Amino acid sequence: MLERFENIDFGKVYVTHYPKMKRFAKEYVIIEEDAENIVQDVFLNLLENCEIIRMPVNLVAFLFTATKNRCLDYLKHKSVVMKATNILLEEQKMTMEMNLESLEAFEQSIFAENDVETLLNNAINSLPERCREIFIKGRLEGKKHKEIAAELKISTSTVEAQMNIALKKLREQLKNCLVLLFFIAS
């Protein structure tokens, strides 16, 4: 079943093998549209590169291998995207929980008793130096974790950990006026 690519009738190969390749891809990527896109890319790549590849090949094995590799690339990319989304959702959840607690504990008397900006500055200044630096860059300067990591030459997981530490410490110190922290920082 070894064929040379220059002897291939692409129309016939497409009609014969597309449904099998699509079913194969769909088993792994689940979403039919994604499976269709993957298999179409495989056939397009085959069509575009048939002049370059001039050696005998088992066409079915080639198509399955190419489809498998495209599925792997797709799933790896999807995994990275999902991890990033989960991190963002976790941050949103933590912020929402802090806002909820803050509103529940909010006291109007805080305005009469203390200067809110002084409370905020004191709380931020009480953070450990690296933690404070990361918090300021992330929340007050609006930088993304990746930007902070690159700027400080540390990993994004270190940035995430330090940001979580900062938020927990500030949450404890400013439990009665935490909403103001997000209002002033935004």
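The values are calculated or read from the model by the stated rules, or taken from the named source; none is laboratory data. Worth saying up front: this structure is predicted, and the values here are computed from it rather than measured. For neighbour counting, all protein chains shown are included, and Cβ atoms are generated from backbone atoms with ideal geometry for every residue, glycine included.
Residues checked against (1) in contact with a Leu (Cβ under 8 Å, 6 or more places away or on another chain); (2) assigned by TED's automatic domain parsing to the domain that holds HIS145; (3) modelled with pLDDT of 90 or more:
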position: ILE30; (1), (2), (3): no, no, yes
position: GLU33; (1), (2), (3): no, no, yes
position: LEU44; (1), (2), (3): no, no, yes
position: TYR74; (1), (2), (3): no, no, yes
position: ALA84; (1), (2), (3): no, no, yes
position: MET94; (1), (2), (3): yes, no, no
position: GLU97; (1), (2), (3): no, no, no
position: GLU101; (1), (2), (3): yes, no, no
position: ALA112; (1), (2), (3): no, yes, no
Discussion item. Looking only at segment 131-151, filter to residues that are under 21 Å from the mean Cα position of the chain (by Cα) and aliphatic (A, V, I, L, M); which one of those is surrounded by the fewest Cβ atoms within 10 Å (Cβ to Cβ)?
Written reply: ALA150
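Determine if segment 163-179 includes at least one residue that is among the basic types (Lys, Arg), within 24 Å of the chain's Cα centre (by Cα) and at pLDDT below 90.
Within segment 163-179, the subset among the basic types (Lys, Arg) is 168-169, 171, 175.
Now narrow it down to the ones that are within 24 Å of the chain's Cα centre (by Cα): 168.
Next, only the ones that are at pLDDT below 90 stay: 168.
Yes, there is a match, as at least one residue in segment 163-179 is among the basic types (Lys, Arg), within 24 Å of the chain's Cα centre (by Cα) and at pLDDT below 90.
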